[in-house]
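The values are calculated or read from the model by the stated rules, or taken from the named source; none is laboratory data. The structure presented is a predicted model; accordingly, all values stated were derived computationally and were not measured. Cβ atoms come from the backbone with ideal geometry, glycine included; neighbour counts cover every protein chain shown. Areas reflect the complete protein model, heavy atoms only, side chains present, ligands, DNA and RNA absent. Shrake-Rupley method; radii C 1.70, N 1.55, O 1.52, S 1.80 Å.
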Amino acid sequence: MRTVELLCAPALDAAVRAAWDRLAATGLPSLARNTHPTNRPHLTLATVDAFPPGAEARLADLFDAALPVPATVDRVAVLDGSAPLVWLVRPAPQLLALHGAVWDVLAGAPGPRPWHLPGRWIPHLSLALRFGDADRRRARAVVGADRPAGEFVAARSYDSATHTVRRFA
(Lines give C-alpha, C1' and ligand atoms only; values in the text may rest on other atoms or scores of the structure.)
Protein backbone atom coordinates (compact mmCIF):
# COMPACT_ATOMS: atom_id res chain seq x y z
CA MET A 1 0.00 0.00 0.00
CA ARG A 2 1.19 3.54 -0.81
CA THR A 3 -0.17 6.76 0.64
CA VAL A 4 0.02 10.37 -0.42
CA GLU A 5 0.14 12.67 2.62
CA LEU A 6 0.53 16.35 3.42
CA LEU A 7 2.74 17.39 6.34
CA CYS A 8 2.02 20.27 8.68
CA ALA A 9 4.11 23.41 9.19
CA PRO A 10 5.86 23.42 12.58
CA ALA A 11 3.20 25.37 14.51
CA LEU A 12 0.32 23.17 13.31
CA ASP A 13 2.44 20.04 13.87
CA ALA A 14 3.09 21.20 17.45
CA ALA A 15 -0.63 21.86 18.05
CA VAL A 16 -1.55 18.34 16.94
CA ARG A 17 1.24 16.76 19.01
CA ALA A 18 0.09 18.76 22.04
CA ALA A 19 -3.43 17.35 21.59
CA TRP A 20 -1.93 13.83 21.32
CA ASP A 21 -0.03 14.42 24.57
CA ARG A 22 -3.10 15.73 26.41
CA LEU A 23 -5.13 12.69 25.36
CA ALA A 24 -2.38 10.30 26.46
CA ALA A 25 -1.94 12.11 29.80
CA THR A 26 -5.61 11.49 30.63
CA GLY A 27 -5.46 7.81 29.70
CA LEU A 28 -7.43 8.14 26.46
CA PRO A 29 -6.29 6.53 23.20
CA SER A 30 -3.74 8.73 21.46
CA LEU A 31 -1.24 8.69 18.61
CA ALA A 32 1.32 9.94 21.13
CA ARG A 33 1.75 6.26 22.01
CA ASN A 34 2.82 5.36 18.46
CA THR A 35 6.62 5.42 18.62
CA HIS A 36 7.30 4.43 15.00
CA PRO A 37 9.81 6.93 13.55
CA THR A 38 7.45 7.80 10.68
CA ASN A 39 4.59 8.76 13.01
CA ARG A 40 3.81 12.44 12.66
CA PRO A 41 0.75 14.61 12.09
CA HIS A 42 -0.36 14.41 8.47
CA LEU A 43 -3.37 14.65 6.17
CA THR A 44 -3.84 11.65 3.89
CA LEU A 45 -4.93 12.59 0.37
CA ALA A 46 -4.86 9.13 -1.22
CA THR A 47 -4.10 5.48 -0.57
CA VAL A 48 -3.59 2.89 -3.33
CA ASP A 49 -1.98 -0.51 -3.63
CA ALA A 50 0.77 0.83 -5.92
CA PHE A 51 1.60 3.96 -7.89
CA PRO A 52 1.18 3.88 -11.66
CA PRO A 53 4.35 4.37 -13.74
CA GLY A 54 5.65 7.94 -13.55
CA ALA A 55 3.36 8.92 -10.67
CA GLU A 56 6.12 9.75 -8.18
CA ALA A 57 7.74 12.32 -10.48
CA ARG A 58 4.36 13.82 -11.40
CA LEU A 59 3.37 14.05 -7.71
CA ALA A 60 6.69 15.73 -6.86
CA ASP A 61 6.08 18.33 -9.59
CA LEU A 62 2.51 18.83 -8.41
CA PHE A 63 3.55 19.47 -4.81
CA ASP A 64 6.42 21.75 -5.84
CA ALA A 65 3.86 23.94 -7.60
CA ALA A 66 1.00 23.70 -5.08
CA LEU A 67 2.55 23.92 -1.62
CA PRO A 68 2.09 25.52 0.82
CA VAL A 69 -1.66 25.06 1.23
CA PRO A 70 -3.53 26.79 4.08
CA ALA A 71 -5.05 24.59 6.76
CA THR A 72 -7.71 25.38 9.34
CA VAL A 73 -8.66 22.76 11.87
CA ASP A 74 -12.32 22.39 12.76
CA ARG A 75 -14.13 20.28 15.35
CA VAL A 76 -13.11 16.97 16.90
CA ALA A 77 -15.05 13.97 15.56
CA VAL A 78 -14.99 10.18 15.45
CA LEU A 79 -15.10 8.75 11.93
CA ASP A 80 -16.72 5.50 10.86
CA GLY A 81 -14.74 2.43 9.89
CA SER A 82 -11.93 1.89 12.37
CA ALA A 83 -13.37 4.76 14.43
CA PRO A 84 -10.41 7.14 14.61
CA LEU A 85 -10.64 10.28 16.72
CA VAL A 86 -9.80 13.17 14.39
CA TRP A 87 -9.58 16.90 14.05
CA LEU A 88 -11.54 17.71 10.92
CA VAL A 89 -9.81 20.06 8.47
CA ARG A 90 -11.93 22.63 6.67
CA PRO A 91 -11.99 21.72 2.97
CA ALA A 92 -10.67 24.99 1.53
CA PRO A 93 -10.78 25.35 -2.27
CA GLN A 94 -6.96 25.03 -2.58
CA LEU A 95 -6.99 21.79 -0.60
CA LEU A 96 -9.86 20.32 -2.63
CA ALA A 97 -8.13 21.27 -5.89
CA LEU A 98 -4.88 19.63 -4.74
CA HIS A 99 -6.76 16.50 -3.66
CA GLY A 100 -8.40 16.24 -7.08
CA ALA A 101 -5.07 16.79 -8.85
CA VAL A 102 -3.47 13.98 -6.82
CA TRP A 103 -6.22 11.61 -7.92
CA ASP A 104 -5.73 12.72 -11.53
CA VAL A 105 -2.09 11.60 -11.22
CA LEU A 106 -3.19 8.32 -9.62
CA ALA A 107 -5.86 7.53 -12.24
CA GLY A 108 -5.69 3.82 -12.95
CA ALA A 109 -3.72 2.99 -9.80
CA PRO A 110 -4.63 -0.44 -8.42
CA GLY A 111 -6.52 -0.70 -5.15
CA PRO A 112 -7.68 2.86 -4.47
CA ARG A 113 -9.17 3.15 -0.99
CA PRO A 114 -12.70 4.49 -1.47
CA TRP A 115 -12.70 6.71 1.64
CA HIS A 116 -9.97 8.89 0.05
CA LEU A 117 -11.66 9.31 -3.34
CA PRO A 118 -12.99 12.72 -4.42
CA GLY A 119 -16.55 13.11 -3.22
CA ARG A 120 -16.04 10.68 -0.30
CA TRP A 121 -12.89 12.08 1.32
CA ILE A 122 -13.17 13.73 4.75
CA PRO A 123 -10.03 15.81 5.33
CA HIS A 124 -8.72 15.29 8.87
CA LEU A 125 -5.72 15.04 11.15
CA SER A 126 -5.82 11.87 13.25
CA LEU A 127 -5.58 12.14 17.02
CA ALA A 128 -6.15 8.48 17.96
CA LEU A 129 -6.79 5.29 16.02
CA ARG A 130 -9.46 2.77 16.94
CA PHE A 131 -11.02 5.23 19.37
CA GLY A 132 -14.25 3.22 19.24
CA ASP A 133 -16.17 3.35 22.48
CA ALA A 134 -13.77 5.62 24.36
CA ASP A 135 -15.23 8.72 25.98
CA ARG A 136 -15.86 11.14 23.10
CA ARG A 137 -17.13 13.96 25.29
CA ARG A 138 -14.04 13.76 27.51
CA ALA A 139 -11.78 13.61 24.45
CA ARG A 140 -13.35 16.77 23.04
CA ALA A 141 -12.82 18.54 26.38
CA VAL A 142 -9.21 17.34 26.61
CA VAL A 143 -8.36 18.36 23.04
CA GLY A 144 -10.03 21.69 23.68
CA ALA A 145 -11.98 24.17 21.66
CA ASP A 146 -8.89 25.50 19.87
CA ARG A 147 -9.13 25.66 16.09
CA PRO A 148 -5.48 25.83 15.07
CA ALA A 149 -4.63 27.19 11.66
CA GLY A 150 -1.46 26.84 9.68
CA GLU A 151 -0.26 25.33 6.47
CA PHE A 152 0.57 22.07 4.85
CA VAL A 153 4.13 22.62 3.68
CA ALA A 154 5.45 19.26 2.50
CA ALA A 155 4.25 15.96 1.05
CA ARG A 156 5.32 12.36 1.43
CA SER A 157 4.35 8.79 0.67
CA TYR A 158 4.39 5.91 3.14
CA ASP A 159 5.08 2.43 1.75
CA SER A 160 3.52 -0.22 3.99
CA ALA A 161 5.56 -3.03 2.42
CA THR A 162 8.91 -1.49 3.32
CA HIS A 163 7.74 0.71 6.23
CA THR A 164 9.56 3.63 4.65
CA VAL A 165 8.70 7.21 3.74
CA ARG A 166 9.57 9.09 0.56
CA ARG A 167 9.33 12.88 0.55
CA PHE A 168 7.86 14.57 -2.51
CA ALA A 169 8.38 18.17 -1.46
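Annotations
- Per-residue ellipticity at 222 nm computed for the chain from its helices equals -9000 deg cm²/dmol, with DSSP H segments shorter than 4 residues left out and the rest contributing -39,500 (n - 2.57).
- When +1 charges are put on Lys and Arg Cβ atoms and -1 charges on Asp and Glu Cβ atoms, the dipole computed for segment 1-138 relative to its Cα centre reaches about 520 debye.
- Anisotropy class of segment 66-150 from Cα gyration tensor, a/c 1.5 cut: oblate
- Remark: relative contact order (segment 1-94) = 26 percent; criterion is Cα-Cα distance under 8 angstrom and separation of 6 or more residues.
- Percent RCO, i.e. relative contact order, over the chain, from Cα pairs under 8 Å lying at least 6 residues apart: 39
- Seen from Leu6, the other residues with C-beta closer than 12 Å to its C-beta sum to a net charge of 0, counting Lys and Arg as +1 and Asp and Glu as -1.
- Among the protein heavy atoms of the chain, carbon and sulfur supply 55% of the accessible surface, probe 1.4 Å, non-protein parts ignored.
- Accessible surface, per residue, of segment 70-153 when the full set of protein chains is kept, probe 1.4 Å, Å²: 52
- For segment 72-169: relative contact order, % (alpha-carbon pairs under 8 angstrom, 6 or more apart): 32
- Global form of segment 1-73, assessed from the alpha-carbon gyration tensor, a/c cut-off 1.5: oblate
- Cα long-axis angle, helix 55-66 against the chain (0 to 90 degrees, to the nearest 10): 70
- Largest GNM mean-square fluctuation across Ala32, Ala128, Ala107, computed for the chain with C-alpha springs under 10 Å, falls on Ala107.
- Choice from Thr35, Thr47, Thr26 showing the highest fluctuation, given a GNM over the chain with Cα pairs closer than 10 Å: Thr35
- J(HN,Hα) series, segment 18-27, from Karplus relation 6.51 cos²θ - 1.76 cosθ + 1.60, nearest Hz, glycine and proline x: 5, 5, 4, 5, 5, 4, 4, 5, 9, x
- Counting only Cα atoms, the size of segment 1-156 along its three principal axes is 46, 30, 28 Å, in decreasing order.
- Degrees between helix 93-105 axis and first principal axis of the chain (Cα, 0 to 90, nearest 10): 50
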